[in-house]
Structure formats: structure tokens, C-alpha cells
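Okay, so here's the structure we're looking at.
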Amino acid sequence: MSELETAAHPEQLCRVAIDPLSRVEGHGKVTLLVDRNHHIRQARLHIVEFRGFEKFIQGRPYWEVPVAVQRLCGICPVSHNLAAAKAVDQLIGVEQLPPAAEKIRRLMHYGQTLQSHAVHFFHLASPDFLFDFDNPIAQRNIGGVMADYPDIARQGVRLRKYGQEVIRITAGKRVHGTGTVPGGVNKALTLQERNYLLTDLELMTQWGRHILKLMKKAYEANPGYFTRFAAIPSNYLSLVRADGALDLYHGGLRTKNDQGDLLFDHLDYRRYSQVIREQVKSWSYMKFPFINSLGPEKGWYRVGPLARINNCDFIPTPVAEEERREFMALNNGQPIHATLAYHWARMIELLYATEAIRELLLDPDIFGDELVTRGEMTREGIGVIEAPRGTLFHHYRIDEDGLIEKANLIVSTTNNNQAMNESIRQVAENYLDGKELTEPLLNQIEVAVRAYDPCLSCATHALGQMPLIVELVEEDSGVMIDCLVRDANGKVRESFVEF
Amino acid sequence: MIEPRLKIATCSLAGCFGCHMSLLDLDERLFDLAERVELDRSPLTDIKELGECDVGLIEGGVCNAENVHVLMEFRARCKILVAIGACALNGGVPAMRNQYDLKECLEESYVRGMGLVNAQIPSDPEIPLLLNKVHPIHEVVKIDYSLPGCPPSADTIWTFINELLSGQAIVLSYRQIHYD
């Protein structure tokens, strides 16, 4: 763990806040403590969200849970809905869904992955690739991309739309749908719906390949930067299918260490509590999970697209598999630790999602009429899924009346908490330390956080009307000797203001 | 003569971002929108300080002190303030915590939770103070329009923005008003 987590003498340092983090889903902030020589002594990513789902879901009937908990997040509601639905399947004693039900849920999930990856890359992060760090703030957003790169923007908008349409048709509604029911789904596809979704699908795959070409170009333009920026060696955790394939809907837990050695493999995810613990730190509402056997110092890990591509043995669709091989060749098959590689891995998964959707749409099972099954009620259910941002755990216990007694959620972004903190500290040390902090430099911190596609919105917090303020305070007297303010337009001016 | 584009700011308070997703669900219509409006502070831009705006769209209710500050600032700087979605209108799912004490909710997550190490309730000057209850935004500031739904559909948002921009009375069809 980096030494920048906690400064020895915070009272003698100036506070710099990047607040709110922008172009991420939800709200968070980064604070830096800097000494008078511009050396950074502390860097923290704070998640200032708190909702209390674990408490207020208590006493609700189990069948209500998937629809309620998806309101944790409007960007990946399907993931929460499905993780909860998988837990509820166990509560009603269902081990295996009918083929139609499982395939429709998978279709919903791959539609979700496609739209979520598209919104993150095109609508939020693409300005980091298409524009320079010091470009005007007004340009660094999807509007700027629409104006300067209309083709790319249009592809992003259409890719996301396609994913949302898959969700609408399988779940009834684009955001917060109601397609799943305990033990299955409430609707199969009609032939007409299937044909509608097939219409544009080939184009989506083509665009997926196209964006990967752009990604590789960006890498080739500056491989050193791409490889080193915010890079941290880490452990990786994800689900994999029984044969080692990438699978976003179901599988066993696999972890690899930074050398690529397996720590555990094909672990039944219902035993997650034996291998994962969560540390609480006073300065963040987001907990810090770690692999129990390694302890909090060494046991933190990364999840999400990079972890999944590093962990899996292969991708079960041909075009994405070709891309995976090319990607993994960057480090001779060993895990890739570059944080910017998250974007690349994410686009490989976007491509994979288009192929997985095609396979499902061409499978006659999706027209099936056996949509629900039931078994013997049990009292505990654990559902785990690979959400767009990583492994998502939902765990519920019910009482004899079927009311929730206890709930535990580890959301995807929480798994990346320590890693995001390590990444911003790496950027602070390598790119900011000793320099006068300017808006473009601070933007680099955000670029590092953004690579993880953090979904802080499960419990949004908005702090942010403050412009960025940097103060220099005399060490002994505590008197402010200088103060810089970054205005909304990005201009940095010297000013003495009340802090 | 090209008319100046209207300035719109958006923010998500105690919400899930689903209403912002519905805004993005305008799909290709986003290109038309971009010609007529300019985004000021929003999770979609890097503008961190709110400027003077014509319209402010607020997603989410109010659950902590910072939400209150942001909301009041939006009210002060936006000529028209719009509550979007269930949470802004009536607190929504986050307001389900109102049946419990805040302390109970915090303890459930950080003290009594499963598999915890260093169990403690987070407390730091960088973490904003939570309010005892989650409130709809009309309890804090005056709201000019409310769009219900969890979230309101993109069509609803489109009709609303279109008619607002063209200065017409806003008429939403039956299908465009729903509460789920």
C-alpha cells in the first residue's frame, strides 16, 4: 500500500480537493494534502455516499428485493436486478432455471454490458482520448465529441441505444425494468422482437471492432505513457465459467496475483464470505474489501473488465477472442497492470457482448414458454454476477414469513476501492509531485479514477459547488501565505478567500 | 440570425443516475438537442461550478447537508428549476430509510455487517453530514415543474424540453406520465 494514504502531519499541509469528480457515474471527490514545496503527502478518493439499503430492505418480502435494489444504480440496474434475482432463486430453492429463462436473463445482461460500456467510454471517457489534457474544459465532454468527432459520437450513441433496446425488450423498460421474477422471467421474446434486434447487430459488431482499432492507435502513439500511467501491480478477481471462459452471468470465483498465479479458482461464490473481508476506514463510506488469507495490506484486488480479461483463459466468441489474444500479447500472456488498459479491455467486452447477443438471438430457446420454475424454500440466498464494473455480490437471509432479515451487498466499485486509491497516489507521485498544481494536472487524477468506470451513483452524493482552492499555509503560524483558486472555466488565479 | 443556445445544468442528488440515463436515452435526438442547448455544470461535463442558467434539472432527493447546498445554489442560478423522477418528487427509494433512525442504518452497514474488519461508523471532515431523513426537493426550494417516473421516459423528457424551449404550454400525453 502506498505511503500516501495518511500524512504524518496533516495539520501543516494545504488541502486540494477535486470535487466533484466529473464524467463518472455518481459523485465522489479526491483530496490531496500538499506541502509548501508542492510535494504531495496524502491522496485519498472519498466516497461520500450512504443510502442504508442493508437496513431498510429488512422486513420487505423477498420477491420485492430485485426491483427495489436495482434503484441502487440507474446505469447498471440490470446487474443489481439479476444479482438479487439469482439470490432469490436460491431462496425459493431453484438451482437451475429453465433454458428460456436463463437465456433471456443472459440477453438482458449482455444488453446491459453493451450499453454501460458504451456510455462509459463514449459519453464520459472518450474526451480523455480524443482531446489533450489541457484542452478547454468546455470541449472535454460528449458535446465536444459530437462537434469534433461526430462519427465516433454517433456510433457511441447508437451502441448505447442498441444495448438499451435489448434491455427494453427483455425487461420491459430501459431503466429499472421488471423482467425477472423468482425462478425465472416473465416474458419470452417474440419473433418480431428478435428480428428487430437482429437488424442492426452486425453494425454494432463492426463498430466494436472499429473502436478497438482507435484504441490500439492511441496505445501505439504513446505506449510508454499508456503502460505506466496510474499502473499498479495487483491481484485480480472475477467469475469464470467452468472451462475457464469469460462469462459475465455465471461461474466460479477466480483470483490471480500480480504474477498471474492462481490464488483460488472455481470457488463456489456462495462461499465468498470465507475468502473476502471488508475493512472500514473512517474517511470513506465505501468499504475496502480484501482477500482474507492475504490480509488488508496485500490482499486488495481489482475487478472489472481488466480483471476479467486478465483472469479468463479465453473468450467464447471468435472476434473478441482474437482481440483478447492481441491484448494479452502486450505482456506475453501475463496480467496487464496498466490502468488505462481498463478502457481497452472494456471495449473487447463490448465487442464480446455484441457477439454473445447474436448467439442468444439465434437460439430458439428464447422463444420458449417454460419461463419459471420453483423448488423448496430456503432461508439464505447469495447471487453473484459480473456487472459491467466487476464482481457484484448480493446476499440475503429471510425469516419464516419470507421477509428479509439480513442483507449484505458488495457492489462492483467497492471492490476497486483500494485500487483506485493506489492509482491516484501513483499519479500524484509521478505526475503531480513537486509541481505547481494546475487544472490539466488535476484532470490527470480524474483520468485515473475514470479508467475504473466507478459507479458511485448507487448512493449519489453531490458536494461540489466549490471551485478548486489551493492554499499555502505557513507551517508554524498557520497563516495563509498564498492561495490559488481554479474557477469553473478552468482558469487558475491567485486569490485570498475564505476557505 | 442564430439564436443563442439556452443553458441547461443538471445534477443528481440522492438518486441513482437513472434519470440522467433517461436523458441519454434521447439517443440520436441528443444531436438536435446539442444544437439548441448548451450544458453547464452536469455530471456529463467537467464544469464544476454552476454558472447562470436558464434551466436546471434535478434528479434525486436530499439526504445530506451538501445536497441542500447544491440544491439551493441551483435554485439561485437557474431561472427554471425542474424536479425529475421519483426521488426528487417524493424521496423515492432512498427515503425508505426514513422509517429507521439514521444511527441504526449506519450501524447495520458499518458495525453489524458481515465480514467486517475495523468496524466503525465513518466519520471525517471530508464526509458530509447526513440528514436524519431523506426529503423531496420541494421541501427545500421552490420547484417550477415536476416530471414523475422512475425514471421519466426519454419521450417525456423530450416533450418537456421541446415545448419549454418553444415557449408553449407543456402538455404531456397520458402515456408520458407514469410513476413507475
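Just so you know, all these numbers are worked out from the coordinates, no wet-lab data involved. What you see is a predicted model; the values in this text were computed from it and never measured. In this analysis, Cβ positions are derived from the backbone assuming ideal geometry, glycine residues included, and neighbour counts consider all displayed protein chains.
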Please give the contour-minus-distance gain from residue A:322 to residue A:132: 0.36 nm per residue of separation, less the Cα-Cα distance, rounded to one decimal in nm.
-> 65.4 nm
Answer in debye to the nearest 20: the dipole magnitude of region A:314-457 about its Cα centre, from +1 Lys/Arg and -1 Asp/Glu charges placed on Cβ, is 480
Which of A:430, A:367, A:61 sits farthest toward the positive end of the charge dipole of chain A, with +1 on the Cβ of Lys and Arg and -1 on the Cβ of Asp and Glu?
-> A:367
Please order B:140, A:30 by the number of other Cβ within 10 Å, starting at the fewest.
-> B:140, A:30
Using only alpha carbon pairs under 8 Å that are at least six residues apart, calculate the relative contact order of chain A and give it in whole percent.
-> 26
As straight-line cross-link partners of residue B:142, the qualifying lysines (C-alpha separation under 21 Å, not fewer than 8 residues apart within one chain) are B:7, B:79, B:133
For region A:353-444 the GluC sites (Glu not before Pro) that pass both the DSSP coil test and the at-most-12 other-Cβ-within-10 Å test are A:376, A:400, A:436
In region A:1-62, which chymotrypsin sites (Phe, Trp or Tyr not before Pro) fall in coil by DSSP and have 14 or fewer other Cβ atoms within 10 Å?
-> none
Using Cα pairs closer than 8 Å and at least 6 residues apart in sequence, work out the relative contact order for region A:54-134, in percent.
-> 23
Report the far tail of the P(r) of chain A, meaning the percent of Cα-Cα pairs longer than 36 Å.
-> 30
Footprinting proxy, A:281, A:435: sorted fewest to most Cβ within 10 Å, the residues are A:435, A:281
Percent antiparallel among DSSP beta bridges (both partners in the protein assembly as shown, rounded to 5) | 70
Taking R0 as 45 Å, what's the FRET efficiency between residue B:173 and residue A:9 from their Cβ-Cβ distance, rounded to 0.05?
-> 0.10
Work out how much length residue B:72 to residue B:123 would gain on full extension: take 0.36 nm times their residue separation and subtract the Cα-Cα distance, in nm to one decimal.
-> 15.9 nm
Step through the table entries A:29/A:173; A:256/A:287; A:216/A:298; A:103/A:216, compare each Cα-Cα distance with 25 Å, and write down the pairs that go over it.
-> A:29/A:173; A:216/A:298; A:103/A:216
From fewest to most C-beta neighbours within 10 Å, the residues B:150, A:73 line up as B:150, A:73
When the label point is put 7 Å from the Cα of residue B:142 along its Cα-to-beta-carbon vector, which residues of region B:52-67 have a backbone N closer than 16 Å?
-> B:55-56
Where trypsin sites (Lys or Arg not before Pro) fall in DSSP loop in region A:21-81, at most 15 other Cβ within 10 Å | A:36
